[in-house]
Amino acid sequence: MSLRNRELVFLVPALVLTTLGFALVYTQKASVLTWTSLTYGALFIVLFLIAHTGVRVLASRADPYLLPVTALLSTLGLVLLYRLDEDLALKQAMWLVVGLVAFLLVLAVVRDLKWLAKYRYFIGGAGLLLLLFTAVFGREINGARLWVDLGPINLQPAEYGKVLLIVFFAAYLVDMREVLTVSTRRVLGIPLPPFRYLAPLLTIWALSMALMIFMKDLGTGLLFFGALLALLYAATGRFFYVFIGLTLFLVGAVGLYFLFPHVQVRVDIWLNPWADPTNKGYQIVQSLFALAEGGLFGRGLGQGYLVLPSGKTIIPYLETDFIFSAIGEELGLVGAVGIILLYMIFFYRSFRVAVRSRDDFSRLLAVGLTSIFALQAFLIMGGVIKLIPLTGITLPFVSYGGNSIVANFMLLALLLRASDKAA
Amino acid sequence: MDRPLRRLFLFFALLFVALILQLTYVQVWAAPDLKTNPANTRAVAEQMKLERGVIVSADGVELAVNRQEGEFFLREYPQGDLVSPWLGYNHQRYGRAGVERVYNEELSGQSGLLGITGYWNELLGKTRRGADLKLSINMGMQRVAVEALGQRKGAVVALDPRTGAVLAMTTYPRYDPNRLAELWSDINSNDDKPLLNRAIQGLYPPGSVFKTVVAAAGLETQAVVPETTFVDTGSVAAGGFVVNNYGGNVYGEHDFTRAFASSINTTFAKLGVSLGADTLATYASEFGFGKDLPWPLGGSKSSFPDAGDLDKAHVAQVAYGQGEVLATPLQMALVASAVANGGNIMRPYLVAQVLTYHGQVLDETEPSVWLRPISAETADTLRSLMVKVVESGTGTQAALSGVKVAGKTGTAEVAQGEPHAWFTAFAPADDPRVVVAVLVENAGTGGSVAAPIARKVIAAGLGL
């Protein structure tokens, strides 16, 4: 079977499954099945079939599994949002359309990754500018400065900035990998490459980290840091860099812990949410209660106790940061592990792109994008199940959030482009 | 795959495995503990999706109803604080109390027959609805009792002595169950303890109302008859302790009827000493002291000291209700109900019927005898003594025109402040339908403070 036919074969059941989900939630809400619920599903079948056709034309040899997994994740997110709040679902649906348009645009514009590598400094500069722009003009919501108001649209430039910066670093490291692996001198017995080669890398890294810390967007900062470390290791093969990176991370983490009260609170809550379960620890404690309630098989879509009589969700930010808790309660361990497996499949397929790519740039780009995607999924899922301290980021493709959806679709387009070259 | 990529792949795969392990731990291993964690109010909230049964008074006033909001039913209490001391609350955050707690299974449709029909209705797609409760409370009397007590710390309880049905019960201070969220921290820290139902949870020295028990013991053991004469000199010494009359009164020569009507401490101290600690303890126990209240709504256990711990001085004191005797207002109402009901104390009850929402009776409280402390003859004799209290003794302020009222005052001395005012009564004396016990903390004499309250409640109970 051709790659694209394989994609189609996997896409259709994914979308039928989602339609079923819509129907299920709808019957829960209105106790009758109407065409509205089914048209919702049908709409997204058409939408993803258009995307699929686009891939057929624009990247016919791209990986066939990434798009179906994305379709399943994003429409499942939509079903959950529809179950929580119909207005939110409608907004998310519109963002999904924007995301798919962005996806096709990126595929159409970036016909060859070399083009991206060529404009690497421009792209890196643009990424930094986006961060700077947020830092200057951003509006602070919930303690983090992430949002820039552009008329009716709230933009989160950091979401796009991090993708651009990954592109830059991948291109930059292709240039520098030879230099970075050849060390000319030793400092305290440690081999170091010439400083002038390291300087741009360290500057942009430090600058972007500083901006993210300034914006108190620690989630994105952590993601970016981790992805860069993975990139550096993949490029040089030197564990030494990872070691330095982790040391820097530890120093930075301890520094942040003592410098910023909200970091301290986050960590303290993670260590013992039960010290203050009705106030500071409320969110994570309620998340654990929701997961416990879900048990092995879950309570069923639409059957969980997610919304208070007042109409607010029982867990604050359920629709964004804590959507995974809702999955755990309504679909149970089985469903939640299913979601984790979907991310693992995505990760596996996109990592495979890196492994099989023929040129260095697409290899490093795929590693960078894969790392940022996998880390994001891990950080937020790990956060809401109390494996690690909570950082407020979205669950890729599932959480409510237009910028996150669009940025992730652009990331997906770049991965498909890289895989098209790889095959 | 080269080595760095292989290692990176492994690293990320491990992260995902860690996620799955932790998730399994939370959702399966730790789940039972998380579900029963005290901070977890999901179970209560879950039950809010069920339509809880309605609670009505005997005269058909709605006490607890539901307001539907989305998929939830929110509990509302139209009578507010008027009935909160025993009705309690059902709250998603603060849990349950009172009738709402004790009859939760019935109200939420989990028990017995209704449970099965409830599940059947659910299968048929009908909303599950809990059972309704019809209480024994007479809201007319309840309102009068609340008004009569006013804003004085204390309690009023009224029973039907023939059945044990609680007709009215109130306490002050109270709280409005509709405003729990805003009141919660205050009512939990307030020194006046608004969450305490003084009628069944408050323990007070009963003072002279306890003379009813002592008189019953004396009459039943034939140690004394109404005509037995005593001489009062204003004080009597017992084991080194000097008993005085309230207010320093001196009564001279008098019979036992007068001793009871005027509540002469010296005479009861003498009677108590002659009966002895064992007899007193036996009769206190026969009347229910030292026993749990025989109903599911709980309350405090009234207490009488162990006979072995009582020396002569203490026997003299407990004989007029001081010393270590402690009683709840409901307990004192039950003592009076024994006199009113031919010597039998009926089991008190608050819930008369459990009904399906189309009015089919699922369960009905059958009146039954709890204790038989005294014979019918002794009860008759005591009744005439109690009539004299209201006719010409300390309880004249409880008298009603056209109805013979029987009663007993109590003025219990306390370590600090004014004495607690007590009054227990029943009427009509010849065919009692209402028993009332009144307690007002630190308020003065029973005859002047508590008796008027009892009169109003009795009048309401008899439809006067």
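Each reported figure results from applying straightforward, stated rules to the coordinates on display, with no laboratory input. Treat the numbers as computed from the prediction; the structure is a model and nothing was measured. Every residue, glycine among them, receives a Cβ derived from its backbone with ideal geometry; neighbour counts consider all protein chains shown.
Structure above, values below:
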item: Dipole of chain A, positive direction: furthest Cα of A:Pro157, A:Leu173, A:Ser399, with charges on the beta-carbon; result: A:Leu173
item: For the range A:3-109, size of Cβ-based charge dipole, Lys and Arg +1, Asp and Glu -1, in debye; result: 260 debye
item: Centroid-to-centroid separation of the range B:298-334 and the range B:234-263 [C-alpha atoms, Å]; result: 19 Å
item: Quotient of Cα Rg and 2.2 N^0.38 Å for the range A:319-403, N being how many residues it contains; result: 1.19
item: Gain on full stretching of the segment that runs from A:Val98 to A:Phe214 - 0.36 nm per residue minus C-alpha separation; result: 38.8 nm
item: Convex hull of the range B:1-40 built on C-alpha atoms - directionally averaged projected area, nm²; result: 3.3 nm²
item: The protein assembly as shown: equivalent-ellipsoid semi-axes (sqrt of 5 x gyration tensor eigenvalues, Cα, Å); result: 81, 30, 20
item: Sites B:Tyr357 and A:Leu105 - FRET efficiency at Förster radius 51 Å, r taken between beta-carbons, to 0.05; result: 0.25
item: For chain A, built as a Gaussian network whose Cα springs stay under 10 Å, the top-fluctuating residue of A:Ala292, A:Ala374, A:Ala14; result: A:Ala292
item: Fewest-first sequence of A:Met94, A:Met410, B:Met141 by Cβ atoms within 10 Å of each Cβ; result: A:Met94, A:Met410, B:Met141
item: Sparse-neighbour loop sites [GluC sites (Glu not before Pro); the range B:238-346; at most 15 other C-beta within 10 Å; DSSP]; result: B:Glu324
item: Stokes-Einstein diffusion coefficient of the range B:199-265, Kirkwood radius over Cα pairs, 25 °C, 0.890 mPa s, in µm²/s; result: 185 µm²/s
item: Span per principal axis, largest first, for the Cα atoms of the range B:331-464 (Å); result: 51, 35, 31
item: Dipole magnitude of the protein assembly as shown, debye to nearest 20 (Cβ charges: Lys/Arg +1, Asp/Glu -1, about Cα centre); result: 4760 debye
item: Chain B: mean projected area of Cα convex hull, nm²; result: 30.3 nm²
item: Footprinting exposure proxy for B:Thr396, A:Thr391, A:Thr203 (fewest neighbouring C-beta atoms within 10 Å first); result: A:Thr203, B:Thr396, A:Thr391
item: Computed [θ] at 222 nm, helices only, for the protein assembly as shown once each DSSP H run of length n ≥ 4 contributes -39500 (n - 2.57); result: -17500 deg cm²/dmol
item: Candidates A:Leu296, A:Leu364, A:Leu84: whichever shows maximal mean-square fluctuation once chain A is modelled as a Gaussian network with Cα springs under 10 Å; result: A:Leu296
item: Size descriptor, Kirkwood hydrodynamic radius, that averages inverse alpha-carbon separations across the range A:269-379, Å; result: 15.8 Å
item: Pairs beyond 28 Å (Cα-Cα), from B:Lys153/B:Lys408; B:Lys193/B:Lys291; B:Lys153/B:Lys270; B:Lys153/B:Lys211; A:Lys91/B:Lys35; result: B:Lys153/B:Lys270; A:Lys91/B:Lys35
item: Straight-distance crosslink candidates among aspartates and glutamates, where the alpha carbon sits under 17 Å from B:Lys456 and sequence neighbours closer than 8 are dropped; result: B:Glu147, B:Asp160, B:Glu391
item: Translational diffusion coefficient (Stokes-Einstein; Kirkwood radius from C-alpha pairs) of chain A at 37 °C, 0.692 mPa s, in µm²/s; result: 147 µm²/s
item: Using a Förster distance of 22 Å, the FRET efficiency for A:Arg56-A:Leu17 (Cβ separation, nearest 0.05); result: 0.45
item: Largest-first ellipsoid semi-axes for the range A:3-109, taking √(5λ) over the Cα gyration tensor eigenvalues, angstrom; result: 26, 15, 10
item: Positive-pole candidate from A:Phe214, A:Ile314, A:Ala42, dipole of chain A, charges at beta carbon; result: A:Phe214
item: Ranking of A:Glu86, A:Glu329, B:Glu366 by count of other Cβ atoms within 10 Å, fewest first; result: B:Glu366, A:Glu86, A:Glu329
item: Fully extended contour minus Cα-Cα distance, from B:Ser448 to B:Phe241, at 0.36 nm per residue; result: 71.7 nm
item: Most mobile of A:Gly382, A:Gly77, A:Gly127 in a GNM of chain A (Cα contacts under 10 Å); result: A:Gly382
item: Leading residue at positive end of dipole, the range A:3-109 (Cβ point charges), from A:Val57, A:Gly99, A:Ala23; result: A:Val57
item: Cα-projected label distance for B:Ala18 with A:Val251, points at 7 Å along beta-carbon direction, nm; result: 2.3 nm
item: Residues B:Glu324 and B:Ser384, FRET efficiency given R0 of 45 Å [Cβ-Cβ distance, rounded to 0.05]; result: 0.90
item: Charge context of B:Ala31, other residues only, Cβ under 13 angstrom, K/R +1, D/E -1; result: 0
item: Lys, Arg +1 and Asp, Glu -1 on Cβ, resulting dipole of chain B about Cα centre, debye, nearest 20; result: 1200 debye
